[in-house]
1. Considering only the stretch 47-65, I want to know if a residue exists there that is without any contact (Cβ under 8 Å) to a residue 24 or more places away in the chain, outside any helix (DSSP H, G or I) and farther than 16 Å from residue 87 by Cα.
2. Can you tell me which of (1) in contact (Cβ under 8 Å) with a residue 24 or more places away in the chain; (2) closer than 19 Å to residue 218 by Cα is the one residue 76 doesn't meet?
3. Quick one: how many residues across the stretch 38-55 are closer than 12 Å to residue 93 by Cβ and of a type outside the set (A, V, I, L, M)?
4. Test of understanding: among 114, 130, which residue is under 22 Å from residue 79 (Cβ atoms) and among the aromatic types (Phe, Trp, Tyr)?
5. I need a count of the residues in the stretch 119-141 that are more than 12 Å from the chain's Cα centre (by Cα) and either under 21 Å from residue 185 (Cβ atoms) or part of a helix (DSSP H, G or I) (or both).
6. Tell me which of these residue 91 doesn't satisfy, since it passes every other one: (1) open to solvent by less than 80 Å² (accessible area, probe 1.4 Å); (2) under 30 Å from residue 196 (Cα atoms); (3) not basic (Lys, Arg).
7. Quick one: how many residues across the stretch 174-228 are within 21 Å of residue 113 (Cβ to Cβ) and assigned to a helix (DSSP H, G or I)?
8. Only one of (1) part of a helix (DSSP H, G or I); (2) among the small types (Gly, Ala, Ser); (3) more than 22 Å from the chain's Cα centre (by Cα) fails for residue 73. Which number is that?
Amino acid sequence: MTTVITPVAMMLLFVYVLGGAIRTGQGTGSYIDYMLPGILLITIASGTAYTAFRLFADIRSGIVERFAAMPIARSAMLWAHVLTSLVANLLSLVVGVAVALLMGFRSPAGPGAWLAVAAILALFTLALTWLAVIPAMTAHSVDGASAFSYPLIFLPFISSAFVPTATMPGPVRWFAENQPVTPIVDTIRNLFSGAPVGHAIWSALGWMTGLLVLALAAATLIHRHRSR
């Protein structure tokens, strides 16, 4: 419930309180059309914190040792948490989009574009979820296990998620334009609006795929070391 309510509350705040003072330079479109992609990424980042919490709780409860004595793959427990997180986050995203539609979000995108958005969000969820597995297995407290998500939730605010990067001062603009959230947000926004995605999609896929590969490899190595 928290992973759904918090992004929705942020969406209400930005649209109905701050949205009237924000100029995006995107024509006459509603502000909800502009900022929804950023809210969707924040929803995923919030959800992965609970993945870390659940896995940390399982490790501390001793159930991992029981699994080690069963005829199952060592990685089965990790994949179970990852796939559960994927399903839970996708459900949260559906709720977020439904609320956005009630608030006036409209998209001329066809089925292909919507499927592309879903695939990008699923890949982003997998990348962040495998990243969450690492602190879950290495943290010494439940707060430490979930604290990794705070920078990820904050990152969209220094990107093109809520305002154009052109409005930012030099150093901040450079960071916003060269961090992973901006190309992901721009790609989703262009897909929703029916505009060409341009080179942003390749940058977005590169960031997400690279993070997924590195996080998966690191999590697997840590889990093997713990299972010895």
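The values are calculated or read from the model by the stated rules, or taken from the named source; none is laboratory data. Bear in mind that the values here come from a model prediction, so they are computed numbers and not experimental data. Glycine gets a Cβ as well: all are built from the backbone with ideal geometry, and neighbour counts include every protein chain shown. Accessible surface areas use protein heavy atoms only, side chains included; no ligands, DNA or RNA. Shrake-Rupley method; radii C 1.70, N 1.55, O 1.52, S 1.80 Å.
1. Looking through the stretch 47-65, at least one residue is without any contact (Cβ under 8 Å) to a residue 24 or more places away in the chain, outside any helix (DSSP H, G or I) and farther than 16 Å from residue 87 by Cα.
2. Of everything listed in (1) in contact (Cβ under 8 Å) with a residue 24 or more places away in the chain; (2) closer than 19 Å to residue 218 by Cα, residue 76 misses just condition (1).
3. Looking only at that region, the number is 3.
4. Of the residues listed, the single one that is under 22 Å from residue 79 (Cβ atoms) and among the aromatic types (Phe, Trp, Tyr) is 130.
5. Going through the stretch 119-141 one residue at a time, the tally reaches 7.
6. (1)
7. Residues meeting the conditions: 23.
8. (1)
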